[in-house]
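Take a look at the structure below.
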Amino acid sequence: MGLIQSLVSSYELNKLRLTAEMLMRFSIALGTGVDAILGTNGKSHHNADMNLSLVRRMKKIESLPASKRKALLQTIDGFLKAEER
């Protein structure tokens, strides 16, 4: 994969946000599905399909212009914070 250990550790410690591209690269390098990396291994097939759907959406979000991506992520963050209450 061409990654140094400190970079991998940063992903593991949530110091860096895991992009869809990096998720796919880890999946290929480790010879496993994205569901295993996301911690959903052993759960229903529906959850694995949902995670793949989320990865596809993440790729689309990453391709948006920066201003639109920022607005969308702020909206998502707002929904997530509301759910925490």
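The values are calculated or read from the model by the stated rules, or taken from the named source; none is laboratory data. In this text the structure is predicted, and so the values were computed from the model without any measurement. Every residue, glycine among them, receives a Cβ derived from its backbone with ideal geometry; neighbour counts consider all protein chains shown.
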> Among the residues of the stretch 59-85 satisfying the criterion of being part of a helix (DSSP H, G or I) and in contact with a Leu (Cβ under 8 Å, 6 or more places away or on another chain), which is surrounded by the fewest Cβ atoms within 10 Å (Cβ to Cβ)?
Replying inline: LEU72
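Given the criteria among the acidic types (Asp, Glu), modelled with pLDDT under 75 and part of a helix (DSSP H, G or I), does ASP35 qualify? Don't jump to the end; show me each part of the working.
Numbers: among the acidic types (Asp, Glu): yes; modelled with pLDDT under 75: no; part of a helix (DSSP H, G or I): yes.
So ASP35 fails the test.
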>> Consider the stretch 11-23. How many of its residues are loosely packed, with under 15 Cβ neighbours inside 10 Å and more than 15 Å from ILE61 (Cα to Cα)?
In response: 5
